[in-house]
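Have a look at the structure below, then the notes.
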Amino acid sequence: MGFLDNITSTVDNTVNSATSYINNNVGSFVSSQTSQALNSAQTFVDTNLTNIANVSANRLISSGLGNSALRSLIPSVGFNLSGALGGATPANDWRVRISLPPAAGIFYQSSNPGIQWPLIGTSGVIFPYTPTVGLSHTADYESATLTHSNYANYFYKGSQISEINISGQFTVQNVQEGAYLMAVIEFFRSATKMFFGQDTLAGNPPPLVYLDGYGANYFPHVPCVVKSFSHEMPNDVDYVEIPSSSPQQFGASIVQNLITNSSLSTRLPTMSTITITVAPIYSRQVLHNNFTLGQFAAGQLIQGAGNFL
């Protein structure tokens, strides 16, 4: 082996040793530094997250956005059986609501509301999530085709409001929400039937209901009749067992009620859709005595003087 061969061999050995050292040590160094960086970041977040939240809350309060006045404008979607369900009164609630006349004395207003007792707290049925609502206003014209004329003539016949279709979702994540959904179903089942047989009001048609929603000027306590009701029971969601209990039985003993009274329970889907069709209805006396197009166009007949749409 010559001199050059010795130098080449020495260089090769040195390069190989250096490469081996780098491979063995750089990886562990990078891993160690990365781990230290992640630990430092986690410590920083844990230390400062509470402070950040407190600062944000203080800024909201100081700017007036965290006060009770603002919270009163945001109705709660949840149901609280210990108090008024939904947390908002009909006067300041913009959610879609179907309710009975104040002194009807039937269904959830009766002395024995039975399964409809959860509707007492919400003064009727509230759609907890914003539903899909469809309605239309039409003017009817009859056409007359004249001889030797290129165009038809139209003669006004009348105007009307279409039926209002409302479709909204209901969720059942606990027993309270299940009791509310069961009350809603029973309410609409009843609102599409007449008083019959041994009823004190036998012979009377299904009751009048009122539609409210989206504030004072959209559905202004509109008198309606319920024309149809449907409830979807989907096959792709879980079902929750809901006991058929009175409000006094909801509490610590609810699990025991499910065990001992399973034959009286109902299984409801965790998410389902309720669809109803209501038709606005106004008496001839109200129409004759209260309606003028000028006042209607100015928005003066929305509240109180007819609740016209």
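Rule-based calculations on the coordinates, nothing more; no lab input. Bear in mind that the values here come from a model prediction, so they are computed numbers and not experimental data. Quick reminder, even Gly has a Cβ in these numbers, built from the backbone with ideal geometry, and neighbours come from all protein chains shown.
Each residue, I161 and T200, gets one label point 7 Å from its Cα in the Cβ direction; the gap between the two is 3.1 nm. Rounded to the nearest Hz, the phi-derived 3J(HN,Hα) couplings of the range 299-309 under the Karplus curve 6.51 cos²θ - 1.76 cosθ + 1.60 (θ = phi - 60°) are x, 8, 10, 6, 10, x, 8, x, 6, 7, 9, where x marks glycine and proline. A cut-off of 5 Å between modelled amide H atoms, ignoring neighbours fewer than 5 places along the same chain, links Y141 with K157. The simple spin-label model puts a point 7 Å past each Cα toward its Cβ; for T266 and L293 those points are separated by 4.8 nm.
Projected label points at T145 and Q303, each 7 Å from Cα along the beta carbon direction, are separated by 5.1 nanometres.
Phi-derived couplings, Karplus 6.51 cos²θ - 1.76 cosθ + 1.60 at θ = phi - 60°, listed residue by residue for the range 140-154: 8, 10, 8, 9, 9, 8, 8, 5, 6, 10, 7, 9, 7, 9, 10 Hz, with x used for Gly and Pro. Which whole-number percent of Cα pairs in the range 152-226 have a distance greater than 19 Å? Cα-Cα pairs in the range 152-226 separated by more than 19 Å: 59 percent. Proximity of backbone amide H atoms, modeled 1.01 Å from N, is registered between F291 and no other residue at under 5 Å, excluding neighbours fewer than 5 places apart on the same chain. Backbone phi angles across the range 117-124, fed through the Karplus curve with coefficients 6.51, -1.76 and 1.60 (θ = phi - 60°), yield HN-Hα couplings of 4, x, 6, 4, x, 9, 6, x Hz in residue order; Gly and Pro are listed as x. Dividing the alpha-carbon radius of gyration of the range 78-297 by the rule-of-thumb value 2.2 N^0.38 Å gives 1.26. Ordering 217-225, 291-299, 189-197 by mean Cβ neighbour count within 10 Å, with the highest value first, yields 217-225, 189-197, 291-299. For S244, the residues 5 or more places off, or on other chains, whose built amide H falls under 5 Å of its own are S265, T266.
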